[in-house]
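Visitor: One structure coming up, written as structure tokens, with questions to follow.
The values are calculated or read from the model by the stated rules, or taken from the named source; none is laboratory data. Everything quoted here is computed from the prediction, not taken from an experiment. Here Cβ is always computed from backbone atoms with ideal geometry, including for glycine, and neighbour counts include all displayed protein chains.
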Ligand code: PLP
């Protein structure tokens, strides 16, 4: 079937809310994917930061196949071993006393659960979030989203929240009060344009929350599972949030996400406060368990830090040699952004890169975002990055 036929089918029956590239992908292995015409692409976007162990990692594929042939769905009213293994592992990995988790199907649902549980914990009405933040598109998550483009059309349906500039602890101090339920923040803003706060920002937010009785929610859907060179982004500041969300990389391509809470927060919830049909199903948990095993065995957190530093240096050298085009480079680990001066030019890059065999994304208007699989071979990474740089 030709691409034109596929496009006609999409045009007839898909709700037109996304712009697609004129490519249909059929298979992937490691950091490479192939389309219906047999063309190969290096994936520097990892399915939006998801395929952290590469496409179709044999350990993940085998774990899914094995679990799929045993048991896929039970509901949460039964114990299952894959779920128990996963919540044990998350408690072991997570900082401080974030010992309890609830499993969901995607990052948005994890954020929804986090907001609900926060409100349950202290009963307060006010949420503070940051401008440029991305937390998902359901009404609750959207209410703390920091992008007017996403929020405005649905404003009438949402609760008012307070939005402050990201990275500005003074603004947080001015906004927080005894009515504040929680501050929700990404340790590094991903969708907003790869914004890294100054060191100590999360520590300041932690202090403000402690002083006012508000909760700190770290949205680690994009930054978690090694993306920034630590298992979780909050570790850069050594901060323990009250609630932490995970998604994307947790399933390595299988939809699974989670929110974790401290023992203190967990004490405030009651049976019936939250629930889900699919969240925490054995198949999703088996996938997440396999991903966490691979991340550990292949030392991918350390690799994200070391390869990310090399990538940052490479981009910075390019930026310094091309100051007329590049404003700056920012990022942590294997989440790096090349900030271009010309947003119009930036917008042309993903389509041109695709023609040249590289999948890359532009976010925040003018930021070329590099977030490949954490185990991408070094030569493949730099070859593909150089293809992108040749198009800037
Ligand atoms: N939170 C953050 C920080 C994200 O980056 C995203 C997605 O990009 C979400 C939440 C929403 O996750 P999902 O698309 O899996 O619902």
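Visitor: Would it be correct to say that residue 40 is under 19 Å from residue 223 (Cα atoms) and either within 16 Å of the ligand (Cβ to nearest atom) or not assigned by TED's automatic domain parsing to the domain that holds residue 128 (or both)? Full working, then the answer.
Guide: Numbers: under 19 Å from residue 223 (Cα atoms): no; either within 16 Å of the ligand (Cβ to nearest atom) or not assigned by TED's automatic domain parsing to the domain that holds residue 128 (or both): yes.
For residue 40, the condition - under 19 Å from residue 223 (Cα atoms) and either within 16 Å of the ligand (Cβ to nearest atom) or not assigned by TED's automatic domain parsing to the domain that holds residue 128 (or both) - is not met.
Visitor: Mind listing whichever residues of the range 1-26 are closer than 20 Å to residue 60 by Cα and exposed (fewer than 12 other Cβ atoms within 10 Å of the Cβ)?
Guide: Within the range 1-26, the first condition is being closer than 20 Å to residue 60 by Cα, and the residues that meet it are 25-26.
Of everything in the range 1-26, just one residue is closer than 20 Å to residue 60 by Cα and exposed (fewer than 12 other Cβ atoms within 10 Å of the Cβ), namely 26.
Visitor: For the range 207-215, check the following and say yes or no: at least one residue is within 16 Å of the ligand (Cβ to nearest atom) and either modelled with pLDDT of 95 or more or touching a helix residue (DSSP H, G or I) at 6+ places or on another chain (Cβ under 7 Å) (or both).
Guide: No, the range 207-215 contains no residue that is within 16 Å of the ligand (Cβ to nearest atom) and either modelled with pLDDT of 95 or more or touching a helix residue (DSSP H, G or I) at 6+ places or on another chain (Cβ under 7 Å) (or both).
Visitor: Which residues, counting only those in the range 163-177, are in contact (Cβ under 8 Å) with a residue 24 or more places away in the chain and part of a helix (DSSP H, G or I)?
Guide: So in the range 163-177, the residues in contact (Cβ under 8 Å) with a residue 24 or more places away in the chain come out as 163-167, 169, 172-173, 175-177.
Those that are in contact (Cβ under 8 Å) with a residue 24 or more places away in the chain and part of a helix (DSSP H, G or I): 169, 172, 173, 175.
Visitor: If you check every pair at least six apart or on different chains, which have Cβ atoms under 6 Å apart with a residue in the range 107-121 that is away from the ligand (no atom under 12 Å from the Cβ) first and a residue that is part of a helix (DSSP H, G or I) second?
Guide: 121/265
Visitor: Only one residue in 234, 265, 261, 269 is surrounded by fewer than 21 Cβ atoms within 10 Å (Cβ to Cβ), away from the ligand (no atom under 12 Å from the Cβ) and at pLDDT 95 or above. Which one? Give the steps one after another, and end with the answer.
Guide: Working: 234 fails: surrounded by fewer than 21 Cβ atoms within 10 Å (Cβ to Cβ); 265 fails: surrounded by fewer than 21 Cβ atoms within 10 Å (Cβ to Cβ); 261 fails: surrounded by fewer than 21 Cβ atoms within 10 Å (Cβ to Cβ).
Going through 234, 265, 261, 269 in turn, the sole match is 269.
Yes/no matrix, rows are residues, columns are (1) without any contact (Cβ under 8 Å) to a residue 24 or more places away in the chain; (2) buried (at least 20 other Cβ atoms within 10 Å of the Cβ); (3) closer than 27 Å to residue 25 by Cα:
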| site | (1), (2), (3) |
| --- | --- |
| 309 | no, no, no |
| 320 | yes, no, no |
| 367 | no, yes, yes |
| 380 | no, no, yes |
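Visitor: Looking at 200, 192, which is the one that is within 14 Å of the ligand (Cβ to nearest atom) and out of contact with any strand residue (DSSP E or B) (no Cβ under 6 Å at 6 or more places or on another chain)? Break it down into steps so the answer makes sense when it comes.
Guide: Details: 200 fails: within 14 Å of the ligand (Cβ to nearest atom).
Criteria check complete, one pass: 192.
Visitor: Can you tell me which residue in the range 134-154 is nearest to residue 18 (Cα to Cα), limited to those that are surrounded by fewer than 16 Cβ atoms within 10 Å (Cβ to Cβ) and away from the ligand (no atom under 12 Å from the Cβ)?
Guide: Here the answer is 149.
Visitor: Here are 131, 115: which of them is at pLDDT 95 or above, in the same structural domain as residue 257 (by TED's automatic domain parsing), surrounded by fewer than 23 Cβ atoms within 10 Å (Cβ to Cβ) and within 23 Å of residue 246 (Cα to Cα)?
Guide: Values: 115 fails: surrounded by fewer than 23 Cβ atoms within 10 Å (Cβ to Cβ).
The unique qualifying residue is 131.
Visitor: Quick one: residue 160 ticks every box in (1) in contact (Cβ under 8 Å) with a residue 24 or more places away in the chain; (2) more than 16 Å from the ligand (Cβ to nearest atom); (3) farther than 25 Å from residue 92 by Cβ except a single one, so which number is it?
Guide: (1)
Visitor: Moving to a separate point now. Do we have any residue at all in the range 22-45 that's under 23 Å from residue 245 (Cα atoms), in contact (Cβ under 8 Å) with a residue 60 or more places away in the chain and in contact with a strand residue (DSSP E or B) (Cβ under 9 Å, 6 or more places away or on another chain)?
Guide: So the first thing to find is which residues in the range 22-45 are under 23 Å from residue 245 (Cα atoms), and the list is 45.
This time we only want the ones that are in contact (Cβ under 8 Å) with a residue 60 or more places away in the chain, so: 45.
If we keep only those that are in contact with a strand residue (DSSP E or B) (Cβ under 9 Å, 6 or more places away or on another chain) as well, we get 45.
So far as the range 22-45 goes, yes, one or more of its residues are under 23 Å from residue 245 (Cα atoms), in contact (Cβ under 8 Å) with a residue 60 or more places away in the chain and in contact with a strand residue (DSSP E or B) (Cβ under 9 Å, 6 or more places away or on another chain).
Visitor: Where in the range 303-392 are there strands (runs of 3 or more DSSP E), lying wholly inside it, with at least 1 residues that are farther than 27 Å from residue 230 by Cβ?
Guide: Details: elements: 326-332, 335-340, 361-363, 367-370.
Per the criteria, 335-340.
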